[in-house]
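Only the coordinates and a few stated rules stand behind these numbers; no lab work does. Because the structure is predicted, anything quoted here is derived from the model rather than measured. Counting neighbours? That spans all protein chains shown, and the Cβs are built from the backbone with ideal geometry, glycine included.
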Ligand code: SF4
């Protein structure tokens, strides 16, 4: 049985038709700076990946991160920022290659988001929310295709054992994001923890959500825990759905349509494809672009 990535499974669970359209390469035709928030999250994660690898190296040499002086930490922040900005530039190039138009008005917004990326990385590195006594085990390690290519931001050894850390970036803490416990039953975190046990031959039952609010540069870490039974139940309940996803992928089953066509974030991006254009590809091209992907589902270019 094929195991699908957390993001693809969550998309298919919200609506298999949405996942099918996405896998065919359909993307909403958008313009302007609204295209960039996801790139900010990726840039910050890339910068923190660099820093966490530095921290891991320091720990391997027998030292703790809190023994490092401020000057060196400023150098780490600079290195992390350089990598973050490189990722942002690359992300913007890829967006434009796909046929999206950022437009001239994006320049000022790009200055703002660069400032936010720099502020967030500096704030994290100067006040690392992970206890100096904890150890970094792996940075962005891919679990492999047999575990859905899951890739937690970090796996650490905390006071009790192995735990996953996941970074969540938001520009501001608006009420719709302020659902404190929305990660308690996170599919993504259950996937990381459940298959983490197979990767490390040890239970991984705790995870930390590190929320980074970029306009304030604030960093907040919160811990969660799953019982063995909760992870087992998750796996038993998810496997039949992966079997269904595989059938759809192989053309042995049709994708069904959800009964609800919006979330708390707004209407589904494919409403016009489903209900106005009724999947007519020529009509869909007025609202969507069709991107080409490689066999791993990575976007290559605009078709
Ligand atoms: S509009 Fe509804 S049926 Fe169509 S992809 Fe979105 S959620 Fe699914």
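Take every DSSP beta bridge with both residues inside the chain and express the antiparallel ones as a percent of the total, to the nearest 5.
Numbers: 24 of 34 bridges.
In the chain, DSSP labels about 70 percent of beta bridges as antiparallel.
Taking Cα pairs under 8 Å and at least six residues apart, what relative contact order does the stretch 31-226 come out at, in percent? Don't skip to the answer; put the middle values down first.
Working: 287 pairs, mean separation 41.8, N = 196.
Answer for the stretch 31-226 is 21 percent.
Using only the Cα atoms of the stretch 23-148, what semi-axes does the equivalent ellipsoid have when each is the square root of 5 times a gyration tensor eigenvalue? Give whole Å, largest first.
The answer is 32, 20, 10 Å, longest axis first.
What does the highest-first list of 183-196, 231-244 look like by mean Cβ count within 10 Å?
Ranking, from highest mean packing down: 183-196, 231-244.
For a quick size check, give me the Cα extents of the stretch 1-75 along its three principal axes, largest first, whole Å.
On the principal axes, the stretch 1-75 reaches 52, 41, 16 Å in Cα extent.
Could you put 206, 55, 111 in order, starting from the residue whose Cβ has the fewest other Cβ atoms within 10 Å?
111, 206, 55
Per DSSP helix of 4 or more residues, -39500 (n - 2.57); summed, then divided by the residues of the chain. What does that give at 222 nm, rounded to the nearest 500?
Numbers: 8 runs with 131 residues, N = 303.
Helices in the chain give a 222 nm mean residue ellipticity of -14500 deg cm²/dmol.
Angle between the Cα long axis of helix 228-249 and the longest principal axis of the chain, 0 to 90 degrees, nearest 10?
40 degrees
Please determine, in degrees from 0 to 90 and to the nearest 10, the orientation of helix 37-60 with respect to the longest principal axis defined by the Cα atoms of the chain, where the helix direction is its Cα long axis.
30 degrees
Which value in nm describes the separation of the simple spin-label points at residue 262 and residue 109, placed 7 Å from the Cα toward the beta carbon?
So the two model labels end up 2.2 nm from each other.
Between residue 7 and residue 170, what's the calculated FRET efficiency when r is the beta-carbon distance and R0 is 22 Å? Round to 0.05. The partial results should precede the final answer.
Working: r = 17 Å, r/R0 = 0.79.
For residue 7 and residue 170, the calculated efficiency is 0.80.
Highest first, please rank the peptides 68-75, 282-289, 208-215, 1-8 by the mean number of other Cβ atoms sitting within 10 Å of their residues.
Output ranking for 68-75, 282-289, 208-215, 1-8: 208-215, 1-8, 282-289, 68-75.
Apply the a/c threshold of 1.5 to the C-alpha gyration tensor of the stretch 47-105 and tell me whether it is rounded, prolate or oblate.
Verdict is prolate for the stretch 47-105.
Rounded to the nearest 10 degrees, what's the angle between the helix 106-126 long axis and the longest principal axis of the chain, both from Cα atoms, 0 to 90?
40 degrees
From the square roots a ≥ b ≥ c of the eigenvalues of the alpha-carbon gyration tensor of the stretch 1-45, which class results: rounded (a/c under 1.5), prolate (a/b over b/c), or oblate?
It is oblate, given that a/c is not under 1.5 and a/b is not larger than b/c.
At each listed q (0.07 Å⁻¹), what is the log10 of I(q)/I(0) that the Debye formula gives for the chain modelled as equal alpha-carbon point scatterers?
-0.30
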